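Written out below as structure tokens is the structure these notes cover.
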Amino acid sequence: MKATVQTIQQIERALRKVATKFPENIENMVLTDIHIQAKPESGELLVFDDNDEELTRCVVEQWIDNKDEDFYQTIEPILCQCIQNLRELWDKVSILKPYSFVLIDEEKETVNDLFLVDDDTQILSGELLKGLDEELNVFLKDLLAD
């Protein structure tokens, strides 16, 4: 599914609303991740904090009545791109780092980590642990060979 301009605008508007919940100049920074839930039947996009408190919601018209089995895998790059487009905004929110944007399903189970924000590092979906198994296997093999 190729996201329409309207879809990108709707998602980015919702993400901007999330950022307003954590204004920049707050002394007591919050410890939380941002959980993004997409509902393919209704097209709803909901955003929660770690306490399951709703931060915002919107309806993404392009997603209404979506019957794709791989719906979450299809929207993942769209969400990542929208989060990435607002990268400067995430540096200014009053959330303790590191924190993540997490895609969750309707049962609130984690589908995938979309974006990790740390002091010097911002990592997009899948890149966080990519290749870790191979690196650990090589390390272990080298360690045991000595």
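Does residue 105 satisfy the criteria of being at pLDDT below 95 and more than 23 Å from residue 1 (Cα to Cα)? The answer is no for residue 105. Inside segment 13-38, can you point out the residues that are surrounded by fewer than 16 Cβ atoms within 10 Å (Cβ to Cβ) and of a type outside the set (A, V, I, L, M)? Result: 13, 16, 17, 20, 23, 24, 25, 27, 28.
Residue 95 falls short on exactly one of the conditions (1) within 14 Å of the chain's Cα centre (by Cα); (2) of a type in the set (A, V, I, L, M, F, W, C); (3) at pLDDT 90 or above, and that condition is (1).
Could you tell me whether segment 93-111 includes any residue that is part of a helix (DSSP H, G or I), surrounded by fewer than 14 Cβ atoms within 10 Å (Cβ to Cβ) and not polar (S, T, N, Q)?
We begin by selecting, within segment 93-111, every residue part of a helix (DSSP H, G or I); these are none.
Among the residues of segment 93-111, not one is part of a helix (DSSP H, G or I), surrounded by fewer than 14 Cβ atoms within 10 Å (Cβ to Cβ) and not polar (S, T, N, Q), which makes the answer no.
Scanning segment 64-78 for residues that are free of Cβ contacts under 8 Å to residues at least 24 places away in the same chain and in a helix (DSSP H, G or I) gives a single hit, 73.
When the residues of segment 51-63 are narrowed to those that are outside any strand (DSSP E or B) and among the polar types (S, T, N, Q), which ends up nearest to residue 22 (Cα to Cα)? Step through it out loud before you land on a result.
Of all residues in segment 51-63, those outside any strand (DSSP E or B) come to 51-53, 60-63.
Filter again for among the polar types (S, T, N, Q), leaving 51, 62.
On the way: 51: 15, 62: 28 Å.
Within segment 51-63, the match that is nearest to residue 22 (Cα to Cα) is 51.
Regarding residue 47, is this residue in contact with a helix residue (DSSP H, G or I) (Cβ under 7 Å, 6 or more places away or on another chain), farther than 26 Å from residue 2 by Cβ and at pLDDT 90 or above? No, not satisfied.
In segment 25-63, how many residues are without any contact (Cβ under 8 Å) to a residue 24 or more places away in the chain and over 20 Å from residue 95 (Cα atoms)? Counting residues in segment 25-63 that are without any contact (Cβ under 8 Å) to a residue 24 or more places away in the chain and over 20 Å from residue 95 (Cα atoms) gives 3.
Could you identify the single residue in 81, 37 that is out of contact with any Lys or Arg (no Cβ under 8 Å at 6 or more places or on another chain) and not in a loop (DSSP other than H, G, I, E, B)? Every option except 81 fails the conditions.
The values are calculated or read from the model by the stated rules, or taken from the named source; none is laboratory data. What you see is a predicted model; the values in this text were computed from it and never measured. Because the Cβ atoms are built from the backbone with ideal geometry, glycine has one as well, and the counts that use them run over all protein chains shown.
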